[in-house]
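The values are calculated or read from the model by the stated rules, or taken from the named source; none is laboratory data. Quantities reported herein were computed from a predicted structural model and do not represent experimental measurements. Reconstructed Cβ throughout: ideal geometry from the backbone, glycine too, with neighbour counts over all protein chains shown.
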Amino acid sequence: MAELLDIFGFLSVLLRALTLSLGAIVIGGISFWHLVARQVIAKDETEFSAGRRIICGTLIGLAITQGASLFTNTAILADTAGICLSDVFGASFFLWGCLSIGAAAVLAFRSAERRFKGCVPILAALVILCSTVATSHAVARLDHRPVLLLATAAHQAATACWIGGLPFLLVSLAATKNLTSANILCRRFSSLAIGSVCVLASAGLVMSWFYVGSMSALYGTNYGLMLVGKVILFAMLILLGSFNRSITRQLGRGDTNLLFRLRRFGEVEIGIGITAILTAASLTSQPPAVDLASSTVSWPIIAVRMLPMAPLMKTPPLATLSPSSMALWKKQHEADPTAGQTFIPGESYSPPTKGDIEWSEYNHHWSGLVVLVMGILAVLSRFPHMQWARHWPLAFVGLAVFLFLRADPENWPLGPNGFWESFSSADVTQHRLFVVLILLFAAFEWGVQTSRLNSVRAALVFPLICAIGGAMLVTHTHALTNLKEQLLIEYSHLPLALLAVSAGWARWLELRLPGSGRVLAGRIWPVCFALIGVVLLLYREA
């Protein structure tokens, strides 16, 4: 079990993100029913049947995810810290996790039986909300705990009502045949969303005041930088919400095409909102910036690291790299079986050699060159006499093979660690997942660009892969030691994540929107791709 601790940090963030996302959808569905649709949807509730199925499936997923989180945390604590199972069973996270599973089970049963009214769904939603608040930073604070608990609860509830309620608005609009009912649903949800945004922003300011504490901590710590990323995603959501607000005001004209546009913008709003929730989960995995006053990185150090330099295009020799960290751990463990049994999840750091740094920069720079070329070709493919450029997705196959073979020199085929053995490292696992995403993207998008695949679903693979890749990069974890280096690396990872999310959802709108909106979205995503290449070419670790 100790060998898997490096992957635990990544898994814990993913499970936390899934719990927050699924919980937000459940709470959003209940709030949508009671605050928006209860008096509008017909008595037979057929217009909300799709929404009920969404809640039912989400509740099952929430129970499974919560159970997996409890099992993982319990196993790690029992195996590495020597904590008895009886002590783990009495821990706050375990009790609240069990309550959340129970509430999800009760609510799933009532949803399946079409008993969605009454106080029970509201109480179940409150239990689910309290379970996520009980495992947040607010509970661990010694100072200002009541204020932070209230702010965290308000922040998560507002997010759920807004982002979690959007899927139910979209399925209700798709099911309703009455334009008047659709108009009422949109206006009510718009008012709920505006109120949620105000509460979310106010609670976020309160939490930032206590968790960040200073401007230097905002740009000089991982927590602060990830918070900046979350604010940028929030601004994108506000922009999309303003589009939908404008559409809602025009619905009285009776134009059904407006509903179509609203649903398309709503789809993107959901995707970016889920990415923001992923960022919130990553924030939970980091110590608050206010607790890292002595580890804050100054702006001059950041500016020196970000200074552009010529890309490194020549691979360093393998002999200059550090020995395998897994091999060193095995050697130490064989000499002393009791050593290294208690770890901080995700912690495995040793100072890199000059060769390690050059190898990482070399990988990023070659990847950046390929992505930059593809972004340029994607722009050229839109001109009538440049149809040959439509084959640009095939370059991603070469990129995927390059990353698979050379991204992690400690592991197969270049290093001593075996193929399956290497998956115990969080970084390696994430890199391999990215390779799979790249290959999927290359296959489907090449077929779409060359008209070999005419399926609408096939065309949507590209934006989904881009958006998922960007969201996964938000959860990209590093060691909890040497916070300075991790922050400086994050200054490259965060722009890459935001650009990937922007490219994916811009392409989604290009495929789904009619008219001028489609043309504008089609011009955004190739530029985002080219900018991703530029960021990778400027990547530095020294």
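Being among the β-branched types (Val, Ile, Thr) and at pLDDT below 90 is the filter here; which residues of segment 124-154 pass it? Don't jump to the end; show me each part of the working.
Step one: list which residues in segment 124-154 are among the β-branched types (Val, Ile, Thr), which gives 127-128, 132-133, 135, 139, 147, 152.
Residues satisfying the conditions are Thr135, Val139.
Scan segment 518-542 residue by residue and report those that are without any contact (Cβ under 8 Å) to a residue 12 or more places away in the chain and among the charged types (D, E, K, R).
Residues satisfying the conditions are Arg518, Arg523.
Restricting to segment 171-212, count the residues that are under 21 Å from Gln156 (Cα atoms) and of a type outside the set (Ser, Thr, Tyr).
We begin by selecting, within segment 171-212, every residue under 21 Å from Gln156 (Cα atoms); these are 188-212.
Now narrow it down to the ones that are of a type outside the set (Ser, Thr, Tyr): 188-189, 192-195, 197-201, 203-207, 209-210, 212.
Residues meeting the conditions: 19.
Given the criterion closer than 19 Å to Leu509 by Cβ and among the β-branched types (Val, Ile, Thr), identify the matching residue among Ile277, Ile270. Outline the logic, then answer.
On the way: Ile277 fails: closer than 19 Å to Leu509 by Cβ.
None of the other options fit; the residue is Ile270.
Residues in segment 192-206: is at least one touching a Ser or Thr at 6+ places or on another chain (Cβ under 6 Å) and farther than 22 Å from Leu18 by Cβ?
Within segment 192-206 (the criterion being touching a Ser or Thr at 6+ places or on another chain (Cβ under 6 Å) and farther than 22 Å from Leu18 by Cβ), the answer is no, since none of the residues qualifies.
Just checking, how many residues over segment 236-268 are of a type in the set (D, E, K, R) and more than 14 Å from Phe189 (Cα to Cα)?
At the first step, the residues of segment 236-268 found to be of a type in the set (D, E, K, R) are 245, 249, 253, 255, 261, 263-264, 267.
From what is left, the residues that are more than 14 Å from Phe189 (Cα to Cα) are 253, 255, 261, 264, 267.
Total meeting the criteria: 5.
Looking at segment 208-230, which of the residues that are over 17 Å from Tyr491 (Cβ atoms) and either at pLDDT 95 or above or hydroxyl-bearing (Ser, Thr, Tyr) (or both) is surrounded by the fewest Cβ atoms within 10 Å (Cβ to Cβ)?
My answer is Ser214.
Could you list, in sequence order, all residues of segment 418-446 that are at pLDDT 75 or above, farther than 30 Å from Ser381 by Cα and buried (at least 19 other Cβ atoms within 10 Å of the Cβ)?
Result: Val428, single match.
Among the residues of segment 168-213, which ones are part of a helix (DSSP H, G or I), closer than 23 Å to Asp143 by Cα and not aliphatic (A, V, I, L, M)?
Within segment 168-213, Ser202, Gly204, Ser208, Trp209, Phe210, Tyr211 qualify.
Go through (1) of a type in the set (A, V, I, L, M); (2) surrounded by fewer than 23 Cβ atoms within 10 Å (Cβ to Cβ); (3) touching a residue at least 12 places away in the same chain (Cβ under 8 Å) and name the single condition Ala140 misses.
Checking Ala140 against (1) of a type in the set (A, V, I, L, M); (2) surrounded by fewer than 23 Cβ atoms within 10 Å (Cβ to Cβ); (3) touching a residue at least 12 places away in the same chain (Cβ under 8 Å), the one that fails is (3).
All but one of (1) of a type in the set (A, V, I, L, M, F, W, C); (2) surrounded by fewer than 19 Cβ atoms within 10 Å (Cβ to Cβ); (3) part of a helix (DSSP H, G or I) hold for Ala542; state the number of the condition that does not hold.
(3)
For segment 214-224, does any single residue satisfy the condition of being out of contact with any Leu (no Cβ under 8 Å at 6 or more places or on another chain), part of a helix (DSSP H, G or I) and touching a residue at least 24 places away in the same chain (Cβ under 8 Å)?
yes
Where residues in segment 154-190 are in contact (Cβ under 8 Å) with a residue 40 or more places away in the chain and among the polar types (S, T, N, Q), which of them is farthest from Ala201 (Cα to Cα)?
Of all residues in segment 154-190, those in contact (Cβ under 8 Å) with a residue 40 or more places away in the chain come to 154-176, 179, 181-190.
Pick out the ones that are also among the polar types (S, T, N, Q) and you get 156, 159, 172, 176, 181, 183, 190.
Working: Gln156: 11, Thr159: 10, Ser172: 27, Thr176: 32, Ser181: 30, Asn183: 27, Ser190: 16 Å.
Going through the qualifying residues, I end up with Thr176.
Considering only segment 143-169, state which residues are under 25 Å from Ile238 (Cβ atoms) and either surrounded by fewer than 21 Cβ atoms within 10 Å (Cβ to Cβ) or in contact with a His (Cβ under 9 Å, 6 or more places away or on another chain) (or both).
Keep residues of segment 143-169 that are under 25 Å from Ile238 (Cβ atoms), which gives 148, 150-169.
Selection gives Leu148, Leu150, Thr152, Ala153, Ala154.
Tell me yes or no: at least one residue of segment 142-156 is hydroxyl-bearing (Ser, Thr, Tyr), at negative phi and out of contact with any Gly (no Cβ under 7 Å at 6 or more places or on another chain). Explain how you work it out, then say what you get.
Here is the first cut: in segment 142-156, the residues hydroxyl-bearing (Ser, Thr, Tyr) are 152.
Then keep just the ones that are at negative phi; that gives 152.
Subsequent filtering for residues that are out of contact with any Gly (no Cβ under 7 Å at 6 or more places or on another chain) retains 152.
Yes, because at least one residue in segment 142-156 is hydroxyl-bearing (Ser, Thr, Tyr), at negative phi and out of contact with any Gly (no Cβ under 7 Å at 6 or more places or on another chain).
Which of the numbered conditions does Ile27 fail, given that it passes all the others? Conditions: (1) touching a helix residue (DSSP H, G or I) at 6+ places or on another chain (Cβ under 6 Å); (2) of a type outside the set (D, E, K, R); (3) part of a helix (DSSP H, G or I); (4) modelled with pLDDT under 90.
Every listed condition holds for Ile27 apart from (4).
Which members of segment 510-521 meet the condition of being in a helix (DSSP H, G or I) and either of a type in the set (Ser, Thr, Tyr) or at pLDDT 85 or above (or both)? Can you show your working first?
First pass over segment 510-521, keeping only residues in a helix (DSSP H, G or I): 510-512, 515-521.
Once the filter is applied, which keeps residues that are in a helix (DSSP H, G or I) and either of a type in the set (Ser, Thr, Tyr) or at pLDDT 85 or above (or both), segment 510-521 yields Glu510, Leu511, Arg512, Ser516, Ala521.
Criterion first (modelled with pLDDT under 90, closer than 23 Å to His34 by Cα and crowded, with 21+ Cβ neighbours inside 10 Å) does Ser181 satisfy it? Let's see the steps before the verdict.
Working: modelled with pLDDT under 90: yes; closer than 23 Å to His34 by Cα: yes; crowded, with 21+ Cβ neighbours inside 10 Å: no.
Criteria not met by Ser181.
Across segment 267-295, what is the number of residues that are surrounded by fewer than 22 Cβ atoms within 10 Å (Cβ to Cβ), modelled with pLDDT of 85 or more and either touching a strand residue (DSSP E or B) at 6+ places or on another chain (Cβ under 8 Å) or of a type in the set (Ser, Thr, Tyr) (or both)?
Selection size over segment 267-295: 0.
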